[in-house]
Amino acid sequence: MPVYYAHSTDKPDKSDWQELSEHLCNVAKLTDKFAAAFGAERWGHCVGLLHDTGKACKNFLARLEGKNIRVDHALFGAKLAREIGGQFGLLLAYIICGHHGGLPDGGAQEGQLHHRLHKNVEEATEMLPSLDCSESLIFPFRPQQDWTMFSLAFFTRMLFSCLVDADFIDTEAFCDPERHVQRTGLSQHDFLCLRASLQSYIAQKQAEATPGKVNDARRKVLGQCLNKAALPQGFFTLAVPTGGGKTLSSLAFAIEHAVQHKLARVIYAIPFTSIIEQNAEVFRQALGEANVLEHHCNYQSKDDDVATYNKWRGLAAENWDVPVVVTTNVQFFESLYSNATSRCRKLHNIAGSVIVLDEAQAIPTEYLKPCLLALRELVAHYRCTIVLCTATQPALADTNLQRLDLPKTVEIVANPTELYRKLKRVRVAFVGKLTTMELAQRLDKHTQVLCIVSTKKQAQQVVSNITNKEGAFHLSTNMYPVHRLQVLMTIRERLADGLICRVIATSLVEAGVDLDFPVVYRAMAGLDAIAQAAGRCNREGKATYGQVYVYEPEEMPSMPWLQRRISRAGETLRAFPPDNCLELAPMQRFFELIYDVENLDAKDIVGRLNPRLHKEMILPFREVANDFRLIDDEGVGVIMPGLPEDSETIQVLVKELRCAPFPQAVGRKLQRYAVAVRRKLMHRLKTEGVIEMVRDTYPILLNAAAYNATMGFCEDMTELWDPEFFVI
């Protein structure tokens, strides 16, 4: 029997090529190991052995020798899996057919799985004698009757992750051994050491804290988190009002829970990058930099010359093989519904984790059902614990969610209602309708005040109408991330020094951003948004009460989802006293009303993944992946000309981008200087010639006049054509 190979080198005598049998056995062992996290070792071993069997043919050997021949090497293994595994073999066939290009849709149309399985293999492929897949496949758990196909689809994606990661790792070991050695040097998951490090950090923080009711409450919350960590795995809620210390307390619960139940990692999923950056920095200080992966598109290490750390982070981001991951809701949930190899590669490392959903109320309601069902699967079958951590808990016991068969949640705090009353630090007043001028006049009268509006346009209008510009700041996503962080730093310094500080911002400062104002104004919104805004008022309890004013803008934004939330907030407030609107009972009522009117699965993600059980198991993996987008129009990141202090850095990076052999790394650095622009506006800017597309992929704003230190990107300034404003 001729020798077949999986990967080649430059040596024509093939003396150092990787034999196919070696690759298949290596991948099978790794996939087996990864799948053991959810009891599917045999499945992992089988799919690992079969995934590249189609390479055992003369055409693929000729391809490795340099001939331009296309070989569908996945098809043979997929057909073999279907024959060996029977009905369950179809799940393996999805995985094998998709292990390079992504999980396909099931069906009989061109390119879909069942159509491909009916095609003949173009060339006779030999069965390697080392392959033994004769042992029957037994499903590792019994899916709930109403959700059988959904569970099978979820299982398929998790097993796909095991194979893809194993295949990448073994290929890397052969093709790039230096990189593979760096991967094996990643930090070890020693949660006993992490617990000791965290305990030391918290003890130091407590010793430095100013005595008072706020810090007393934080100590009690921390104590209850540590006590409840020994409870069995499942769904937990941590209902702690803003400023109650839930960041460190939730981390303490997660680390202790991982120790008690011998879990593999802790994953924080957070809706806003502003909170991620803040929390990840705290976690690095507490646990050590090499134990915390901050995974989101705007990440940039403090010192870009630290090549070793950047390489470590790049490797860790591929498959989350680190103790603590801090990421976005978008990255976390979209990966769970993805079909792509790059995004799915990390999924198997979610098994056996504590998953903390910070600001859980921020999950878009139109995707709430598929998100909760994914969490249910992780708890029921993949040894995960979920912690819903927020000051405004969504009503998971609502009748609209009962059909999801969610496990009963356990509240970590013994008496959250009493805790909310003890930590009440603000008074809330509803002041009715205010014009932009009236609002600006009110803000002018305060020395330190935060005003949160509903839109970027409103923020710019209010800033323009403030009379006293000293200490006036604007914050919105029209400012690139580096600029926002610079302004936030200045704001914190002025607040600490007692200087004039009037901040007009969009909701990006609302959740988790550590700001403490004596007075806050909030445009009318959902009750959860009002509560989050109130969390920026008298945060440290320095005064007996801070003051929150809720007003109605003269022009309500034409956003149906916001209008629905405002309507339901008004309905809730008619049943509760306005000054008590931030307590748990009105918040629960608000979410119940929201769930009554919102479509909790607007794109029928669950319905399409949970068809009636049939022998062909037709599952729309690719179709669902394309439709599951937590942010429908994320916009296009346009690289800004930058402020004077940033412009030189930006210009150097842009020049590097133009000639870099691998521009993606430079592009990621430039994301820190980019503003997301809606696609319609992007089209207009390109038509006007204000945008240059570098390498047909990276848009650069040419007109420096369209970006200023106060407002950030101003689209109405893009038509200024003074040559001195243009960046070369």
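The values are calculated or read from the model by the stated rules, or taken from the named source; none is laboratory data. Here the structure is a predicted model, which is why all the values come from computation and not from measurement. Virtual Cβ from ideal backbone geometry, glycine too; neighbours counted across all protein chains shown.
Points worth noting:
- So residue 695, is it surrounded by fewer than 16 Cβ atoms within 10 Å (Cβ to Cβ) and at pLDDT 85 or above: yes
- Out of 503, 513, sole residue that is under 19 Å from residue 452 (Cα atoms) and in a strand (DSSP E or B): 503
- Taken residue by residue, the stretch 299-307 has no member that is modelled with pLDDT of 90 or more, assigned by TED's automatic domain parsing to the domain that holds residue 408 and under 16 Å from residue 270 (Cα atoms).
- Matching option when the condition is surrounded by fewer than 23 Cβ atoms within 10 Å (Cβ to Cβ) and either within 24 Å of residue 348 (Cβ to Cβ) or under 21 Å from the mean Cα position of the chain (by Cα) (or both), among 266, 259, 214: 259
- Single residue of the stretch 341-352 satisfying the filter (part of a loop (DSSP other than H, G, I, E, B) and among the basic types (Lys, Arg)) that is farthest from residue 595 (Cα to Cα): 345
- Residues in the stretch 633-652 that are surrounded by fewer than 20 Cβ atoms within 10 Å (Cβ to Cβ), under 19 Å from residue 693 (Cα atoms) and of a type in the set (A, V, I, L, M): 636, 652.
- Residue, nearest to residue 372 (Cα to Cα), within the stretch 341-355, restricted to residues that are more than 16 Å from the chain's Cα centre (by Cα) and surrounded by fewer than 24 Cβ atoms within 10 Å (Cβ to Cβ): 352
- Yes/no for residue 442 being modelled with pLDDT under 90, out of contact with any helix residue (DSSP H, G or I) (no Cβ under 7 Å at 6 or more places or on another chain), part of a helix (DSSP H, G or I) and not aliphatic (A, V, I, L, M): no
- When 576, 590 are checked against the criterion of being over 22 Å from residue 217 (Cβ atoms), part of a loop (DSSP other than H, G, I, E, B) and in contact with a helix residue (DSSP H, G or I) (Cβ under 7 Å, 6 or more places away or on another chain), 576 stands alone in meeting it.
- With respect to the conditions (1) surrounded by fewer than 17 Cβ atoms within 10 Å (Cβ to Cβ); (2) within 32 Å of the chain's Cα centre (by Cα), residue 441 falls short on a single one, namely (2).
Okay, residues lined up against (1) at pLDDT below 85; (2) within 19 Å of residue 428 (Cα to Cα):
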position: 510; (1), (2): yes, yes
position: 514; (1), (2): yes, no
position: 537; (1), (2): no, yes
position: 546; (1), (2): no, yes
position: 587; (1), (2): no, yes
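- Residue within the stretch 234-248 that is crowded, with 17+ Cβ neighbours inside 10 Å, in contact with a strand residue (DSSP E or B) (Cβ under 8 Å, 6 or more places away or on another chain) and closer than 23 Å to residue 35 by Cβ present: no
- Among (1) free of Cβ contacts under 8 Å to residues at least 12 places away in the same chain; (2) more than 30 Å from residue 13 (Cβ to Cβ), the one test that residue 81 misses: (1)
- Every residue from the stretch 610-632 that is surrounded by 15 or more Cβ atoms within 10 Å (Cβ to Cβ), under 29 Å from the mean Cα position of the chain (by Cα) and part of a loop (DSSP other than H, G, I, E, B): 610, 611, 618, 619, 628, 629, 630
- Those residues of the stretch 411-451 which are in contact with a Ser or Thr (Cβ under 6 Å, 6 or more places away or on another chain) and assigned by TED's automatic domain parsing to the domain that holds residue 550, in sequence order: 444
- Counted residues, the stretch 459-515 - those being touching a Gly at 6+ places or on another chain (Cβ under 6 Å) and hydroxyl-bearing (Ser, Thr, Tyr): 0
- Scanning the stretch 37-63 for residues that are out of contact with any Asp or Glu (no Cβ under 8 Å at 6 or more places or on another chain) and either basic (Lys, Arg) or surrounded by fewer than 17 Cβ atoms within 10 Å (Cβ to Cβ) (or both) returns 39, 55, 62, 63.
Each row is one residue, and each column tells you yes or no for (1) within 23 Å of residue 98 (Cα to Cα); (2) part of a helix (DSSP H, G or I).
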| residue | (1), (2) |
| --- | --- |
| 332 | yes, yes |
| 339 | yes, no |
| 354 | no, no |
| 361 | no, yes |
| 369 | no, yes |
| 372 | no, yes |
| 375 | no, yes |
| 380 | no, yes |
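- Hits in the stretch 1-45 - residues which are outside any helix (DSSP H, G or I), touching a helix residue (DSSP H, G or I) at 6+ places or on another chain (Cβ under 9 Å) and touching a residue at least 40 places away in the same chain (Cβ under 8 Å): 2, 4, 5, 6, 7, 8, 17, 18, 39, 40
- Leading residue by the ranking (farthest from the chain's Cα centre (by Cα)) among those in the stretch 328-338 that are surrounded by fewer than 24 Cβ atoms within 10 Å (Cβ to Cβ) and among the polar types (S, T, N, Q): 335
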